[in-house]
Every structure is written in C-alpha cells, then in structure tokens.
Amino acid sequence: MRRVCVWLAGLWLLVQLACPGLAVELQVGGKSAVLMDLATGTVLFEQNANEPLAPASVTKVMTMLLVMEAIDSGKIRWEDPVTTSEAAAAKGGSQIYLKVGETMTVTDMLKSVAVSSANDCACALAEHIAGSEDAFVQQMNRRAQELGMENTHFVNCTGLDDSEEARQHRTSAMDIARMSRQLLKYHPDIQKFTTIWMDTVRDGAFGLSNTNKLIRFYDGATGLKTGFTSGAGYCLSASAQREGLGLIAVVMGAESSKIRFQSCKTMLDHGFANYALIRPDLCDVGPVPVILGKENAVSPKMAQDGTLLIDKAQRSTVVTDVRLEDSVTAPVRPGQPLGTLTLRAGDQILQQIPLVAAEGVERLGFGDLFTAVLRRAAMAKSL
C-alpha cells in the first residue's frame, strides 16, 4: 500500500509540473483570469481564460508593444516630436488633455500611456507610427495573430467601448497574458515607465499618477496595465519579479477595483510561493579539444534556451549533468553537436539540452602542418 501511495504522489507531482494550471484552485474574482510564467510562457493557473471579453484600457499593452517595436526597429526615436491631431485631442476617458497641434516627445507620450492610461497620447502615437488610428489597429490585429491571440479583435488603440463598433472590441485573459509577456520579455525598457508611481510631463506642469496600485504596494511589481469601462468592468494585467522569477497575472471583468488587485495579488503570491526558475549555465564547462584544427579547442553552447520552471520544493534536488565528446576532428562547423546537458531531480529527467559548437574551426592545411612541425622543431632545439 505504501508503494502505491508513493507512486501516486510521484505521478501527481509530474502532472503538476506538466500542467500546473490544472492542479490549482484559487479564490479569484472576475469573469476570467490567468497566471503565466514570463520566461517560459507556462500557464500556472487559469479560469475561463479563453472567453473573449472587453478589455478596456488593458488594450494599451498591445499599443505599447507596437510602440516599443517601432523604437527598437529604428522606425521612430525616443526624442521624436509627436504632433496632436484633432482625432487624438478629441479622445475621451483618461487623458492628459492634449491640444490640437501640441507636440510632445515619444518618451513623454509613452510615459503618459503607461502611467496614466492617456487615450489621447495612445491615439497620437498610433497616428505617428501608422499614419492613422485605423491603420495602426490593422497592425495591432496582425500582431495579435502572429502571437497566437486567437480570441482577439481590436477596434481601436485605447480600449474605449463608447460606440456600437467599439463594443466589438474583444480579447481574452490568455491573449492579454501572451501580449504582456511579449512586451515584458523582449522590450524590458518598458518597465522604466510601467514602474513609475508618480511623475510629470510638460516640464512638470502636468502630474501623472499610476492607475496600478500594485506598483506601490506589491513587492517586486513591474507593471503593467489597468483598464475599466462600465461594459468591461475592472481589468488588470499585473506583472512582478522576485528572485529571477517573473510572473504575469491577468483578471478581466471584476466587479470592483479592489477585487481585481486582490485577485492578481492572490495569483502572484501563489506563483512566487510554489515555483522557481532554473537557468543552467556552462561557466564551469571547459572547451572540447580539436584535432587538426587551426584552433586547439572549441567552446560548447546550449542549442536552446535552457530555462526551466519547476516546483519550488524540487529546487534543492536538481542536479546538472554535462556529457561532452572527448575531442572532435576539424573541420568543426558552428552548431555541430558536442554533447548534452541534462537536468535531473532524483531519477526524474527534467530536461535535456543539446550542446553544440559555439563557432567553427577550420582544418589545418598542408602548409599549416608544415609550419607547425618547423615551429615545434625550433622550440625543441632551443631547449
């Protein structure tokens, strides 16, 4: 009987590691919710996660993502002036009250979007990048498809749902987690804005206050975006990082602001209490000798990202085993297999990562060999 219990316990642990979101029950308010690991994209908890719902201003996660991608690609620059159009100035809801013709840098516009959820700045940035908000929305939907956001249809760049068409604006908690992960993982500079509690624009004349209370009150909070309309309810994509573990918690359709913050806090607390990341490295692994090569050795590297999410209770039991070829013969091509890195917890193999050549090594030619022989002879004679 004891053996059966131990076997069942081991099986349950495997299920938790393989499908963490299926093994958890949390008291979370709202119509839908998701907890996702930032590094791996593993879903640790979900509740009605794929239902298309109105996201309100959490929409602006995609707006910020496209702005950051435009900056990183060189299409726009932080210091570029952005001119306010009539359409941007006319946006309702949260705003910094831009006037028609007023100019502000990309930096201050994006800060206003991230901190104060400024609809007028979101529209102005959209027009600056794509020429019009409609063209920008096309880019938003195209990017959503690329990210696998299957339950998303954007109508505008703000999340306002004050018209019949805008009420078709939909996404899901899972899709919000996906775009939030893309923004945070590949554009970490956004955190310069999403972690601001209070700031100013217009040379200090206009104050900004973050709508995300977790930034001030939750240890390790890094963002990300709140949202509210009467149709959408209270929404939040919250992110935090502790001890190298980054998490994204999403709640949609909560009945109050307090419930959305408490729900995200509950999910984040659960993630930090129960999971850890392991990032194997090759710092203590030497190079592999190369026979007949122009270089004497070649360094190994991991063929893929070795980051692994594990149950926190397992962390102290994980060991790394590296197996490398004793030597290889030139020529060595970049990416050539050299061995394997294996992560184990007891008898359980958690992950195997191929190790490959970090660079190529050319084979010595006849002239190189002749020169080497003469050099060795000269060295021997000098001794």
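Just so it is clear, none of the values below were taken in a lab; they were calculated from the coordinates. Keep in mind that what you see is a predicted model, and the values were worked out from it rather than measured. Cβ sites come from the backbone with ideal geometry, for glycine too, and all protein chains shown count toward neighbours.
Quick notes on this structure:
- Dipole of the chain [Lys/Arg +1, Asp/Glu -1 at C-beta], most positive-end residue of Pro287, Ala126, Ala70: Pro287
- Amide H to amide H distances under 5 Å link Leu53 with Thr171, Ser172, where only residues 5 or more positions off or on other chains count and H is placed in the peptide plane.
- Remark: the chain carries a charge dipole of roughly 1060 debye about the Cα centre, counting +1 on each Lys and Arg Cβ and -1 on each Asp and Glu Cβ.
- Counting all C-alpha pairs of region 242-345, share separated by more than 23 Å (%): 51 percent
- With a simple spin-label model that places each label point 7 Å from the Cα along the Cα-to-Cβ direction, the separation between Asn151 and Asp311 comes to 2.8 nm.
- Phi angles across region 319-326 convert, under the Karplus curve 6.51 cos²θ - 1.76 cosθ + 1.60 with θ = phi - 60°, into 3J(HN,Hα) values of 10, 10, 10, 10, 10, 10, 4, 5 Hz, Gly and Pro given as x.
- Since only Gly253, Val319, Gly41 are under comparison, the one whose Cα sits farthest along the positive direction of the charge dipole of the chain, derived from C-beta charges on Lys, Arg, Asp and Glu, is Val319.
- The chain, relative contact order in percent, only Cα pairs under 8 angstrom and at least six apart counted: 16 percent
- This model, with +1 at the C-beta of Lys and Arg and -1 at the C-beta of Asp and Glu, gives region 288-366 a dipole about its Cα centre of some 80 debye.
- Cross-link pairs Lys91/Lys185; Lys185/Lys312; Lys99/Lys265; Lys265/Lys301; Lys225/Lys265; Lys91/Lys265 - those with Cα-Cα distance over 26 Å: Lys91/Lys185; Lys99/Lys265; Lys265/Lys301; Lys91/Lys265
- The stretch between Glu25 and Asp162, if pulled fully straight at 0.36 nm per residue, gains 45.8 nm over its current Cα-Cα span.
- Kirkwood radius, the chain, all distinct C-alpha pairs, inverse of mean reciprocal distance: 23.7 Å.
- Charged neighbours of Tyr234, selected by a Cβ distance under 13 Å, balance to +4 (K, R count +1; D, E count -1).
- Long-range HN-HN contacts of Gln336 with modeled amide H, under 5 Å: Ala357
- For region 139-145, 3J(HN,Hα) per residue [Karplus equation, 6.51 cos²θ - 1.76 cosθ + 1.60, θ = phi - 60°, Hz, x = Gly/Pro]: 5, 4, 5, 5, 5, 4, 4
- In this structure the amide hydrogen of Ser256, modeled in the peptide plane, comes within under 5 Å of the amide hydrogens of Tyr234, none closer than 5 places in sequence on its chain.
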